[in-house]
1. Just to verify a result, which residue in the range 152-170, among those that are closer than 16 Å to His405 by Cα and not acidic (Asp, Glu), is surrounded by the fewest Cβ atoms within 10 Å (Cβ to Cβ)?
2. Please count how many residues of the range 227-238 are touching a strand residue (DSSP E or B) at 6+ places or on another chain (Cβ under 8 Å) and exposed (fewer than 15 other Cβ atoms within 10 Å of the Cβ).
3. Report the residue count in the range 75-127 for those that are more than 22 Å from the chain's Cα centre (by Cα) and in a strand (DSSP E or B).
4. Can you name every residue in the range 237-267 that is of a type outside the set (Asp, Glu), modelled with pLDDT of 90 or more and out of contact with any Ser or Thr (no Cβ under 9 Å at 6 or more places or on another chain)?
5. Being surrounded by 19 or more Cβ atoms within 10 Å (Cβ to Cβ), farther than 22 Å from Ala212 by Cβ and in contact (Cβ under 8 Å) with a residue 40 or more places away in the chain narrows it down to one of Leu382, Leu414, Leu353, so name that one.
6. Which residues, taken from the range 346-391, are among the basic types (Lys, Arg) and closer than 22 Å to Gly201 by Cα?
7. May I ask you to list the residues in the range 1-35 that are among the small types (Gly, Ala, Ser) and either crowded, with 22+ Cβ neighbours inside 10 Å or within 28 Å of the chain's Cα centre (by Cα) (or both)?
8. Could you count how many residues in the range 201-226 are among the aliphatic types (A, V, I, L, M), within 17 Å of Val351 (Cβ to Cβ) and crowded, with 22+ Cβ neighbours inside 10 Å?
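The values are calculated or read from the model by the stated rules, or taken from the named source; none is laboratory data. The structure presented is a predicted model; accordingly, all values stated were derived computationally and were not measured. FYI the Cβ positions are ideal-geometry reconstructions off the backbone, even for glycines, and counts take in every protein chain you see.
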Amino acid sequence: MQSLRAPANAASVLRAALARGTATRADLIEDTGLSKATVARMVDELHRNGLLVHAAPPAPALAAQRDPARTRGRKPTSLTVPASVGQVVGVSLGLQRTGVLALDLAGRERSWESAATPRWSTLDDAVAWVAERIVAAGARTDAPLLRVAIALPARVADGTEVPNPPPPLDVLAGAAFAQQLAAALDAPVALDSDANMALVGLVADGAVADAANPTLLSMSTVLTVAVRRSDGTAAPGRTSSFGSFSLLPFQSDGIDTSLGAMLSTQGLLRYCAERGVALTDVSELWGGDAWDAPSSGEQQHARRVAVVRRSTDAAPDSAAPHEHGTIRAAFADALTAALRVVAVMVDPPLVVLTGRLSPLAELVLPAVARRLAAELDEPPELVVASAASRWHATAMGAAHVALRHEQRALCERLERGSAQGD
């Protein structure tokens with residue numbers, strides 16, 4: 001890398017370009033507050049060092065093709081960070097499926113794949129399979145892999161340790177999974193709960209407003225909770241007890257369980273069995289899944305976009321046997337109780353419900369919202385994120401967590417006079 005005459009200014013321009021993804025010189029002047037001449041010099045220096053290139057022009061609009069006069073005049077040149085600088089990978093590792101998403105440092109999606117999650121008998125098997133998926137995702141470009149972030153259906157301590165993973169993923173317990181995977185990939189690996197990653201992904205997708213400071217309940221294999229703080233980060237909690245609804249007892253029809261169990265697939269299936277309700281799959285409680293799991297290919301794009309349903313929307317029609325209706329009612333009671341706790345302790349303006357059980361939450365949402373409105377002075381708005389998009393949204397959140405880290409690190413290195421890793 002060539003020496004920079006003003007590293008701080010160069011870092012400021014690069015930071016603005018990274019934030020926008022694609023930016024004109026006028027954008028960079030506005031975002032940095034630097035003079036036109038200074039921005040021009042910094043753009044030239046960043047270009048010489050391979051950190052900024054001219055972005056490919058967008059395809060001309062149909063109206064401009066029909067009327068060439070509309071294209072007269074010099075158009076502003078857009079700039080972007082080239083894909084060759086590096087890439088990050090986000091992984092949504094669930095019990096059913098695993099989604100792997102690669103982004104370049106400008107935040108552009110480079111690849112997306114989804115595959116059924118196998119049942120591993122050893123940690124080595126898990127590391128090898130996940131590493132293979134990540135390497136395949138990164139192989140779409142020749143950019144170096146800079147960082148990996150993985151979302152798990154479990155609480156995570158210190159970004160590396162999984163204290164109590166659900167039984168099908170118990171080979172991931174402890175910190176060895178993150179350590180061995182990082183060694184296999186020769187890149188840093190960070191772990192977090194699927195709730196924290198899903199919340200980041202829903203904000204990145206635009207399904208949830210960035211300024212909403214929502215709380216998210218991810219109801220899948222286990223119930224995980226994400227609380228977004230005013231600075232946009234997720235509250236980590238001091239211990240693994242933070243957000244553990246399994247510590248809160250719940251009783252229904254004489255059966256003792258917990259809120260965490262009732263709002264998770266494993267716990268809800270156990271409750272059904274104790275009630276004598278035999279289910280082949282938990283989706284029978286809402287009439288079955290009417291969608292296919294997303295995989296690769298542009299034809300899947302519509303399924304990957306996060307969709308939310310608000311509590312003011314009408315509940316979907318879904319006839320059910322009487323015993324299923326009883327289970328639904330118990331689930332609604334548990335969800336109402338959990339949302340009371342969230343409202344009293346966190347007081348969020350918005351609560352997002354997502355995960356495998358989100359279609360069931362969608363069915364009971366209007367009734368739950370009415371009960372909360374009768375009990376709370378200002379109940380939070382409730383929305384349900386589409387279950388069909390959850391793998392992509394969660395992997396997107398994981399990728400954006402890794403992306404923010406690497407964007408910040410690159411700019412900090414630039415300020416010190418080097419864009420190379422330390």
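1. Within the range 152-170, the subset closer than 16 Å to His405 by Cα is 158-160.
With not acidic (Asp, Glu) added as a condition, the list becomes 159-160.
Details: Gly159: 15, Thr160: 17.
By that ranking, first place goes to Gly159.
2. Initially, the range 227-238 is screened for residues touching a strand residue (DSSP E or B) at 6+ places or on another chain (Cβ under 8 Å), giving 227-228, 234-235.
Restricting the remaining residues to those that are exposed (fewer than 15 other Cβ atoms within 10 Å of the Cβ) gives none.
Of the residues in that region, 0 qualify.
3. Our first condition is that a residue be more than 22 Å from the chain's Cα centre (by Cα); within the range 75-127, this holds for 75-82, 84-85, 119-125.
With the extra rule that they be in a strand (DSSP E or B), the set shrinks to 78-80.
Matching residues across the range 75-127 total 3.
4. Listed by number, the residues that qualify are Thr257, Leu263.
5. Values: Leu382 fails: farther than 22 Å from Ala212 by Cβ; Leu353 fails: farther than 22 Å from Ala212 by Cβ.
Step by step, each of Leu382, Leu414, Leu353 is checked, and only Leu414 is surrounded by 19 or more Cβ atoms within 10 Å (Cβ to Cβ), farther than 22 Å from Ala212 by Cβ and in contact (Cβ under 8 Å) with a residue 40 or more places away in the chain.
6. Narrowing the range 346-391 to residues among the basic types (Lys, Arg): 356, 370-371, 390.
Within the range 346-391, Arg356, Arg390 meet the criteria.
7. Going through the range 1-35, the residues among the small types (Gly, Ala, Ser) turn out to be 3, 6, 8, 10-12, 16-17, 19, 21, 23, 26, 33, 35.
Of everything in the range 1-35, those that are among the small types (Gly, Ala, Ser) and either crowded, with 22+ Cβ neighbours inside 10 Å or within 28 Å of the chain's Cα centre (by Cα) (or both) turn out to be Ala10, Ala11, Ser12, Ala16, Ala17, Ala19, Gly21, Ala23.
8. If we filter the range 201-226 for residues that are among the aliphatic types (A, V, I, L, M), which is where we start, we get 202-204, 207-209, 211-212, 216-217, 219, 222-223, 225-226.
In the following step, the residues that additionally are within 17 Å of Val351 (Cβ to Cβ) were identified as 202-203, 207-209, 211-212, 216-217, 219, 223, 225-226.
Filter again for crowded, with 22+ Cβ neighbours inside 10 Å, leaving 202-203, 208, 216-217, 219, 223, 225-226.
Qualifying residue count for the region: 9.
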